[in-house]
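Trainee: Dumping the structure here so I can ask a few things about it.
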Amino acid sequence: MVFSRFIWSILAFVAAIVGTSILLGIYMQKPEFPITVSMLVVALILETIAMIIFLTRIRRDLLKLINAMSNNDPTMQFSRVGHDPYFSAIHKGFNALIRDFRLVRLDREAEQRFFEETVNHVQFGLVAFNGTGEVKMVNQAFLELFRLEKIVLLDDLELVSADLPDFLKNFSPGKETLKKMELSGHSHHLIFLSSGFILKNEEITLVSVRDISREMDQNELEAWQKLLRVLRHEILNSISPIKLIAGNLSERLQPEGELLALDQLKEDEIEDIKTGLDTIHRRASGLSVFLDAYTNLYRTPEFKPEQTAVQPLLQRIFSLFKKQAEQQETSLELDCPDTLLHVMLDAKMIEQVLINLVKNAMEAVKIQTTRSITLSATKTRKGTIFAVTDTGTGISKDHMESIFMPFFSTKEAGTGIGLSFSQHVMQLHHGFIRVSSTQGKGSVFQLVFGNE
């Protein structure tokens with residue numbers, strides 16, 4: 001509406017000037033009308049001046065509007081001109097535009113405040129910077145973590161650690177890294193995670209940092225407590241019978257405080273003493289095996305991965321247990337349809353892991369009515385999975401959290417290092433072991449290679 005009135009006003013001025021110019025041209029050819037010519041000349045001049053004043057006023061108001069927008073000044077208001085409907089309409093439109101601009105600005109300020117409050121509310125540090133190291137955003141948690149009041153450039157972090165600015169600048173988007181740092185004289189474990197995006201044609205890197213020292217200390221304490229409970233249990237299991245038997249033998253050899261001569265001992269007493277000594281030897285040997293297992297738990301051979309054909313590797317494990325499975329009346333199956341499947345691994349280490357898993361499976365199915373074990377390998381989109389599946393007794397929920405803990409074993413003769421060793425080997429391969437089990441129905445142990 002405003003624009004239409006503006007156009008009609010311009011057209012009216014142009015029409016008046018054109019009409020006056022035509023009349024002036026006509027009367028200038030008639031010398032008998034000098035007064036009329038003079039009046040037309042004055043009218044033409046006045047019309048031109050009026051049009052210039054009109055356009056100048058429009059230009060001035062537009063500049064005021066543009067300046068108000070450029071300077072983010074929402075207080076600018078245009079007065080209403082009561083006797084001039086054209087400018088009243090234009091000023092009304094300008095005021096409406098400024099009012100909308102003010103509302104947009106208020107919404108933007110509210111969104112900005114909401115964003116800042118949200119960023120400062122999170123418990124982990126956030127910092128965003130461009131390619132030159134200029135900090136675009138930093139939250140309060142980041143400043144408090146590194147004991148800083150403000151940060152303008154990443155190089156300001158040299159006050160915290162000399163290598164921290166370069167570490168953040170060279171941090172790859174999408175990468176997660178654990179870094180150990182000294183902060184205020186104390187050692188801290190920090191997890192850094194980054195992402196990258198484009199903002200106003202500028203590459204921005206957003207890095208989050210979280211201090212997990214407390215969680216790691218708690219987990220480490222719990223791990224040590226579990227380990228000490230297992231060590232105490234195993235050692236007491238061996239020492240208690242040794243102490244009891246040794247005391248009984250001592251009473252047999254000196255019943256009244258004096259040592260008996262060997263010829264005074266009866267044949268059944270000599271046999272009891274021999275049995276007791278054999279038991280002491282057996283328990284001492286078991287304790288020695290346990291301590292050797294503790295010493296050698298992570299003393300693994302040199303890690304030498306190479307491209308390895310999977311089917312021949314599984315075939316060797318299958319052949320190793322085939323005879324035992326037949327004697328135990330257990331169905332042992334091999335499932336590896338991809339004969340060309342290769343994986344980068346240390347064959348000797350993985351063979352030992354698979355042997356441990358199959359041995360455990362053989363023990364688990366021994367008392368079951370249906371005894372079946374399947375050794376398989378499958379290729380997925382992200383990696384390769386070896387699996388040992390059995391129809392054994394399964395693992396109880398109480399034991400599931402402890403099966404990878406060193407020296408934990410549900411078997412009377414077990415050392416409890418097989419699964420712990422297997423987990424260590426998979427960590428060397430940058431993989432992991434995944435377990436699913438249903439008590440009374442069986443278990444599945446998977447060796448996952450890759451980012452499954």
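The values are calculated or read from the model by the stated rules, or taken from the named source; none is laboratory data. In this text, all values refer to a predicted model and were calculated from it rather than measured experimentally. Positions of Cβ are backbone-derived with ideal geometry, glycine not excepted, and every protein chain shown enters the neighbour counts.
Trainee: Right, I317: modelled with pLDDT under 75 and surrounded by 11 or more Cβ atoms within 10 Å (Cβ to Cβ) or not?
Mentor: Criteria not met by I317.
Trainee: Kindly indicate the residue of the range 174-191 that is touching a Ser or Thr at 6+ places or on another chain (Cβ under 7 Å) and in contact (Cβ under 8 Å) with a residue 24 or more places away in the chain and also farthest from F146 (Cα to Cα) among those meeting that condition.
Mentor: H189
Trainee: Continuing with the same structure: For the range 405-428, which positions are in contact with a helix residue (DSSP H, G or I) (Cβ under 8 Å, 6 or more places away or on another chain) and at pLDDT 65 or above?
Mentor: L419, F421, S422, V425, M426, L428
Trainee: Suppose we filter the range 342-353 for residues that are modelled with pLDDT under 90 and not small (G, A, S); how many remain? Let's see the steps before the verdict.
Mentor: Filtering the range 342-353 for residues modelled with pLDDT under 90 gives 346-353.
Keeping just the survivors that are not small (G, A, S) gives 346, 348-353.
The total comes to 7.
Trainee: Quick one: count up the residues across the range 351-375 that are within 16 Å of K322 (Cβ to Cβ) and surrounded by fewer than 21 Cβ atoms within 10 Å (Cβ to Cβ).
Mentor: Final tally of qualifying residues: 7.
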